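Beneath this line is the structure, given in structure tokens, with notes to follow.
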Amino acid sequence: MTRKHPVDEELIKRLSELLDENGLTELEYGEGKWHVRVSRASGGSAVHVAAPTSSATDATSAGNAEETSAANIASHPGAVTSPMVGTAYSAPEPGAPAFIKVGDTVSEGQTLMLVEAMKTMNPIRAPRAGLVAQILVGNAAPVEYGEVLLILE
Amino acid sequence: MFEKVLIANRGEIALRIHRACKEMGIATVAVHSTIDADAMHVRLADESVCIGEAPPSQSYLNAAAIFSAATITNADAIHPGYGLLSENADFAQMVEEHGFIFIGPTADHIRMMGDKITAKDKMIELGVPVVPGSKGAVTEDKVARELAEEIGYPVLIKASGGGGGRGMKVANNPDEISHALSTARSEAKANFDNDEVYIEKYLGAPRHVEIQVMADSHGNVIHLGDRDCSLQRRHQKLLEEAPSPALNTEARAEIGGRVTKAIKKLGYLGAGTFEFLYENGEFFFIEMNTRLQVEHPVTEMITGIDIVREQIRIAAGLPMAYTQDDIAFTGHSIECRINAESPTTFAPSPGRIGDYHPPGGLGVRVDSGLYAGYQVPSHYDSLISKLIVHGKTRNEALMRLRRALHEYVIEGIETTIPLHQRLCENPDFVNGDYDIHWLEKFVGLK
């Protein structure tokens, strides 16, 4: 799902300059829910833009606008993708504990999360046994067809 | 006014709708299949939602996915474009049931005009001239034979659940009627899952002339003039012009008046097009399209009106910005539909666009989502661009069209541009002297 925001090129240029001028490896600038982080990887600086997350507070959610890692994630062999457009829920009902957390071992067929579409809850089941390496969507996050929900290793 | 509109379509029309929305300060949501992720309108839209795999049934015809996308993006309204779900009455109804506004007419009117028999009966009731034919469906040979005698051969057997020129068989004389009837019925069953057919007089050399209408929810109705879409191959339009070279001011005003009276009586909402066959100064209604049409730009060029903008305003409950007296027709406009096809064999030519350079200059408009490096997919219809020109006179428009076609560069795939170039050199076309059979003869001759 892409929610686009106008890119402030001037800001990013300035942050990169500050990074270089001051010999820093990482510099983050934010305003409210908006943060821009410029960091030095080997061979140059990389820019990460974090889009505002949904109203949920799940600390493991990562915005889909992280373009540098998006391509890697989508082709990861352990990627579990959403089979439909809808809203992802990490727990069976509000207030209940989440189905899984990072680091959990899951068995084949185990329910990992729910995607709600047209008022019906659809369980997303583990295609095989594995370890939950990353969870990419927060509770109540909108998801599109094919969106990567989590990585199982 | 809507804050956010979901565009339930793809290709050039999705871009067209996006542009109208942005000019009104409305945010856009582009739903798309996996293969359309890099489409121009998807890149430009404020938000995009992938709704399924490439096959239309899994994506653009997947109503559930479209509703989910509208829900998660909090869209206010859905514009269905043309084709796909735009004339699906059930979809229009479901849109409203889900609490979104459908930018188009009511489901009842879509349904009424979707059935070609009820549409025709309704037109008779509303005083719109129709093609002489059977009153309702025909199932028996004997009845067909009697009717054909009454109407006069040749006759056309048509599927009532069809449209867009599909499911039609000609019978030239009494010997052909039984066979035409039975093949028409079995084809209708195969194509539309409905073997109901009716009979009409077959017109020898008519032109296809259609009238654009618009109506709001405050009782205002207008017509925006005519378009001549006679140049068709297998009932697919290739080139359209406005106004029709065959009509004079009186004929235009007369038919315009008749159709606006009809939609006022009907209580129709939004944009619509009455399609007629026009022969020997007479109009014969064939069908009404309850949606935006591919060729709407030629009407926009001669009237200066943004039809998509008006559709959105009407759907938002606003009164139309124009009365009939405000509508003036200025100059002449021609549109070429450019398809990703061989210009001689019409074999599809999907693939990656190399160099791309659209024409420009005064009176030239290109409606297209193409760009250098874009991959034209094979899963959808082959229309990739519309080149529209406007001139003060038909001659000026023709010169401009010739010039613009020669500037247009689309490398990497085959397109129908060379065919349009040949058309521009043809004396019949230049003289505006053609009917609905003309183009097939022209391409047959090569």
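Applying a threshold of 7 Å to beta carbon distances and a minimum spacing of six or more residues, or different chains, the list of pairs starting in the stretch B:90-113 at a residue that is within 13 Å of B:Met288 (Cβ to Cβ) and ending at one that is in a helix (DSSP H, G or I) and among the polar types (S, T, N, Q) reads B:Met112/B:Thr118.
All conditions in (1) over 24 Å from B:Val49 (Cα atoms); (2) charged (D, E, K, R); (3) in contact with a helix residue (DSSP H, G or I) (Cβ under 8 Å, 6 or more places away or on another chain) hold for A:Asp104, with the sole exception of (3). Within the stretch B:327-336, being out of contact with any Asp or Glu (no Cβ under 8 Å at 6 or more places or on another chain) and not polar (S, T, N, Q) holds for B:Ile327, B:Ala328, B:Phe329, B:Cys336.
Scanning the stretch B:62-80 for residues that are under 19 Å from A:Lys119 (Cα atoms), open to solvent by less than 10 Å² (accessible area, probe 1.4 Å) and not small (Gly, Ala, Ser) yields B:Ile66, B:Phe67, B:Thr73.
Every residue, every condition in (1) more than 9 Å from chain A (Cβ to nearest Cβ); (2) free of Cβ contacts under 8 Å to residues at least 60 places away in the same chain, yes or no:
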{"position": "B:Cys21", "(1), (2)": "yes, no"}
{"position": "B:Val31", "(1), (2)": "no, yes"}
{"position": "B:Ala63", "(1), (2)": "yes, yes"}
{"position": "B:Ile66", "(1), (2)": "no, no"}
{"position": "B:Ala70", "(1), (2)": "yes, no"}
{"position": "B:Thr73", "(1), (2)": "no, no"}
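In the condition set (1) farther than 26 Å from B:Arg234 by Cα; (2) open to solvent by less than 20 Å² (accessible area, probe 1.4 Å), B:Ile384 is compliant with all but (1). Does B:Val376 meet the test of being over 18 Å from the mean Cα position of the chain (by Cα), modelled with pLDDT of 95 or more, open to solvent by less than 40 Å² (accessible area, probe 1.4 Å) and among the β-branched types (Val, Ile, Thr)? Answer is yes for this residue. Can you tell which of B:Thr323, B:Thr330, B:Thr260, B:Thr299 is hydroxyl-bearing (Ser, Thr, Tyr), out of contact with any Pro (no Cβ under 9 Å at 6 or more places or on another chain) and open to solvent by less than 10 Å² (accessible area, probe 1.4 Å)? Unique residue meeting the criteria: B:Thr299.
Of the residues B:Arg185, B:Arg233, B:Arg207, B:Arg252, the single one that is surrounded by fewer than 23 Cβ atoms within 10 Å (Cβ to Cβ) and more than 19 Å from B:Glu275 (Cβ to Cβ) is B:Arg185. You will find that of A:Met121, A:Met113, the residue that is open to solvent by 60 Å² or more (accessible area, probe 1.4 Å) and either among the hydrophobic types (A, V, I, L, M, F, W, C) or under 18 Å from the mean Cα position of the chain (by Cα) (or both) is A:Met121 and no other. Return yes or no: is B:Ala27 within 12 Å of chain A (Cβ to nearest Cβ) and either farther than 22 Å from B:Tyr380 by Cβ or surrounded by fewer than 18 Cβ atoms within 10 Å (Cβ to Cβ) (or both)? Considered against the rule, which asks whether it is within 12 Å of chain A (Cβ to nearest Cβ) and either farther than 22 Å from B:Tyr380 by Cβ or surrounded by fewer than 18 Cβ atoms within 10 Å (Cβ to Cβ) (or both), B:Ala27 comes out as yes. Restricting to the stretch A:110-119, name every residue that is part of a loop (DSSP other than H, G, I, E, B) and modelled with pLDDT of 95 or more. Listed by number, the list holds a single entry, A:Gln110.
Looking only at residues that are surrounded by fewer than 24 Cβ atoms within 10 Å (Cβ to Cβ) and either part of a loop (DSSP other than H, G, I, E, B) or within 9 Å of another protein chain (Cβ to nearest Cβ) (or both) in the stretch B:52-61, which one is farthest from the chain's Cα centre (by Cα)? Lay out the reasoning, then the answer.
Residues of the stretch B:52-61 surrounded by fewer than 24 Cβ atoms within 10 Å (Cβ to Cβ): B:53-58, B:61.
Imposing the further condition that a residue be either part of a loop (DSSP other than H, G, I, E, B) or within 9 Å of another protein chain (Cβ to nearest Cβ) (or both) reduces the set to B:53-55, B:58, B:61.
Numbers: B:Glu53: 26, B:Ala54: 23, B:Pro55: 22, B:Gln58: 24, B:Leu61: 18 Å.
By that ranking, first place goes to B:Glu53.
Among the residues making up the stretch A:93-113, a single one is in contact with a Ser or Thr (Cβ under 8 Å, 6 or more places away or on another chain) and either over 15 Å from A:Leu152 (Cβ atoms) or within 14 Å of chain B (Cβ to nearest Cβ) (or both): A:Ala98.
Evaluating A:Thr60 against the criteria (1) within 28 Å of B:Ala65 (Cα to Cα); (2) in a strand (DSSP E or B); (3) at pLDDT below 85 leaves one unmet condition, (2). If you go through the stretch B:349-367 and keep only what is open to solvent by less than 40 Å² (accessible area, probe 1.4 Å) and either without any contact (Cβ under 8 Å) to a residue 24 or more places away in the chain or among the aliphatic types (A, V, I, L, M) (or both), you end up with B:Ile353, B:Val364, B:Val366. Filtered by the rule that a residue be open to solvent by 10 Å² or more (accessible area, probe 1.4 Å) and more than 11 Å from every other protein chain (Cβ to nearest Cβ), the stretch B:40-51 gives a lone residue, B:Met40.
Scanning the stretch A:142-153 for residues that are more than 14 Å from chain B (Cβ to nearest Cβ) and open to solvent by less than 10 Å² (accessible area, probe 1.4 Å) yields A:Leu150, A:Ile151, A:Leu152. Whenever a residue of the stretch A:12-33 is assigned to a loop (DSSP other than H, G, I, E, B), its partners that are small (Gly, Ala, Ser), lying with C-beta atoms within less than 8 angstrom and at least six residues away or across chains, give the pairs A:Thr25/A:Ser39. Comparison of A:Asn122, A:Asn72, A:Asn139 shows that the only residue that is more than 13 Å from every other protein chain (Cβ to nearest Cβ) and not in a loop (DSSP other than H, G, I, E, B) is A:Asn72. Just so you know, in the stretch B:90-106 the residues that are surrounded by fewer than 20 Cβ atoms within 10 Å (Cβ to Cβ) and more than 14 Å from chain A (Cβ to nearest Cβ) include one that is nearest to the chain's Cα centre (by Cα), and it is B:Thr106.
The values are calculated or read from the model by the stated rules, or taken from the named source; none is laboratory data. Keep in mind it's a predicted model, so treat the numbers as computed, not measured. When we count neighbours, we look across all protein chains shown, and the Cβ atoms used for this are built from the backbone with ideal geometry, even at glycine. We work out accessible area using only protein heavy atoms, side chains counted, and drop any ligands, DNA or RNA first. Shrake-Rupley method; radii C 1.70, N 1.55, O 1.52, S 1.80 Å.
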